[in-house]
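Beneath this line is the structure, given in structure tokens, with notes to follow.
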Amino acid sequence: MAGTDGKRVLVLGGSRGIGAAIVRRFAAEGAKVSFTYSGSREAAERLAEETGTVAARTDNAERNAVIARVRDSGPLDVLVVNAGVAMLGDPLEQDPDEVDRMFRINVHAPYHAAVEAARRMPDGGRIIVIGSVNGDRVGFPGVAAYALTKSAVQGMVRGLARDFGPRSITVNAVQPGPVDTDMNPADGPLRDMLYGMMPMKRHGRPEEVAGMVAWLAGPEAGFVTGAMHTIDGGFGA
Ligand code: NDP
């Protein structure tokens, strides 16, 4: 029996990339999985059919929609907040409305979702947020606003671990380095620059990140909380 067999799992942002790998992983373990999407309806419906999971549209930029989705999906044993956007570029040129939208998706949504999930989560529940190694190391220009969002996740994880620890609810961040998805394709323009900074000259696979998430959700990780779990091929070393 796998670690999350029969557990109620919600993945916010599960239609593509790392989120889709997390959905597949939990479904394969026998969890009862639901997930959200924002723009990728077809991909979400295909994934739901393939995995026997349930897909629903929720835009993580909309605070009240996120809270309602978590409430209506609960009580949850496991919440994974994966949805994120990476708006990179010259901070002097970036549209402040778009920067604020990224803050809502990458920072506000994980916080409100985690708090809402914890209201009815049973003792021993798990809250996992996908941060980024950029929360610890930036490495090149054009990443300030995105890195800010992922550093903010760290503060939230530490704080909520303190708040919910007495109920044995763990709160952790998984911090990927470059992972081969639409956001950061292995054949994309950043490849050579990234590999120049990494001892392992490759992108990670979404399944590798999903494995770490599954471990954090499983019985072996019950004493692991308030921590950042980096999986980055040495980018931050
Ligand atoms: P992708 O762009 O490939 O996929 C993003 C996922 O998030 C999609 O399922 C997308 O759904 C969903 N999403 C985006 N915006 C919203 C929104 N407003 N509401 C709901 N869902 C949304 O990205 P990755 O899989 O690469 O990234 C996943 C997470 O991992 C992010 O938090 C990212 O910051 C983080 N990360 C990724 C790294 C990488 O190199 N790939 C490195 C470090 C961290 P839809 O298409 O339906 O809108």
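A few notes on this one:
- The set of residues in the range 153-184 that are farther than 21 Å from Gly236 by Cβ and either within 10 Å of the ligand (Cβ to nearest atom) or modelled with pLDDT under 95 (or both) contains only Asp182.
- Single match in Ala86, Ala109 (criterion: within 18 Å of Gly13 (Cβ to Cβ), outside any helix (DSSP H, G or I), near the ligand (Cβ under 9 Å from one of its atoms) and of a type outside the set (Lys, Arg)): Ala86
- For Val157, the conditions (1) part of a helix (DSSP H, G or I); (2) farther than 30 Å from Met197 by Cα are fulfilled apart from (2).
- Just one of (1) part of a loop (DSSP other than H, G, I, E, B); (2) open to solvent by less than 70 Å² (accessible area, probe 1.4 Å); (3) not aliphatic (A, V, I, L, M) fails for Phe164. It is (1).
- Test: residue in the range 38-56 that is open to solvent by less than 40 Å² (accessible area, probe 1.4 Å) and under 15 Å from the mean Cα position of the chain (by Cα): no
- Just one of (1) open to solvent by 70 Å² or more (accessible area, probe 1.4 Å); (2) over 23 Å from Met156 (Cα atoms); (3) hydrophobic (A, V, I, L, M, F, W, C) fails for Leu88. It is (2).
- Val80 vs. criteria part of a helix (DSSP H, G or I) and surrounded by 16 or more Cβ atoms within 10 Å (Cβ to Cβ): no
- Selection count where residues are open to solvent by 20 Å² or more (accessible area, probe 1.4 Å) and in contact (Cβ under 8 Å) with a residue 40 or more places away in the chain, scope the range 100-128: 15
- Count - residues of the range 8-46 that are under 17 Å from Val174 (Cα atoms) and among the small types (Gly, Ala, Ser): 6
- Test for Asn60: is it open to solvent by 30 Å² or more (accessible area, probe 1.4 Å) and of a type in the set (S, T, N, Q): no
- The range 11-47: number of residues that are more than 12 Å from the ligand (Cβ to nearest atom) and of a type outside the set (D, E, K, R): 7
- Residues in the range 185-235 that are in a helix (DSSP H, G or I), crowded, with 18+ Cβ neighbours inside 10 Å and in contact (Cβ under 8 Å) with a residue 40 or more places away in the chain: Leu194, Pro206, Val209, Ala210, Val213, Ala214, Leu216, Ala217, Ala221.
- When Pro75, Pro122, Pro96 are checked against the criterion of being more than 21 Å from Gly3 (Cα to Cα), of a type outside the set (Lys, Arg) and more than 9 Å from the ligand (Cβ to nearest atom), Pro96 stands alone in meeting it.
The values are calculated or read from the model by the stated rules, or taken from the named source; none is laboratory data. Since the structure is predicted, the reported quantities are computational estimates derived from the model, not experimental observations. No Cβ is skipped: glycine too gets one built from the backbone with ideal geometry, and neighbour counts run over all protein chains shown. To get the accessible areas, we keep the full protein, side chains included, count just its heavy atoms, and leave off ligands, DNA and RNA. Shrake-Rupley method; radii C 1.70, N 1.55, O 1.52, S 1.80 Å.
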